[in-house]
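> I'd like to ask you about the structure that follows.
Just so it is clear, none of the values below were taken in a lab; they were calculated from the coordinates. The shown structure was predicted, so the numbers you read here are calculated from the model rather than taken from an experiment. Don't worry about glycine lacking a Cβ; one is built from the backbone with ideal geometry, like all the others, and counts go over all protein chains shown.
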Amino acid sequence: MLGMAEYTVGIRWEHTEGEFRRGTYSREHQWSFDGGVVIPASPSPHVVRAPYSNAACVDPEEAYVASIASCHMLSFLYVAQQRGFDITRYEDDAVGLMSKNERRVSWVSSVLLSPRITYTGERVPSAREVTELHEEAHLACFIANSVKTEIRIKVVEAAFE
């Protein structure tokens, strides 16, 4: 069983141009992960207009949606493997929706996962089993258990090889 774990991410920003007090500075920054990966980050252009944001960088909202989708995928692969199914491909185009809460504060209120999964081998899950696999994966997902965002899963017809 997984015990207590700690996750560390370095965030680095430096004021290089523009007037900080007037808000005319770049918000581009970097995320550094313990394995050595460095990712260019920026606020979403939906939140901070260009040139003070950079759409080519990862923004926190995209990363949030990606972490939910990635965690669900990893949980799903584990659950499917434990149940004896073989999977050769898992693809998802997850969508996060930003809205206002009851205090009129913006938040990522829902995430829709639409995984497309390719199965192989002799044992192929029924539609009911696919739904059960997603439900079990959702309950096992560390990230889903950590957030109040509504996470919905659109079960897409499976492909078979």
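> Looking only at strands (runs of 3 or more DSSP E) that lie completely in segment 77-117, which have at least 3 residues being among the aliphatic types (A, V, I, L, M)?
On the way: elements: 86-91, 95-100, 106-113.
Result: 95-100, 106-113.
> Let me ask something else. I'm told GLU17 meets every condition in (1) in a loop (DSSP other than H, G, I, E, B); (2) surrounded by 12 or more Cβ atoms within 10 Å (Cβ to Cβ) except one. Can you identify the failing condition by its number?
Checking GLU17 against (1) in a loop (DSSP other than H, G, I, E, B); (2) surrounded by 12 or more Cβ atoms within 10 Å (Cβ to Cβ), the one that fails is (2).
> Please go through segment 118-161 and pick out each residue that is of a type in the set (Phe, Trp, Tyr) and either crowded, with 18+ Cβ neighbours inside 10 Å or assigned to a strand (DSSP E or B) (or both).
Correct list: TYR119, PHE160.
> Report the residue count in segment 20-36 for those that are assigned to a loop (DSSP other than H, G, I, E, B) and under 24 Å from GLY96 (Cα atoms).
Selection size over segment 20-36: 2.
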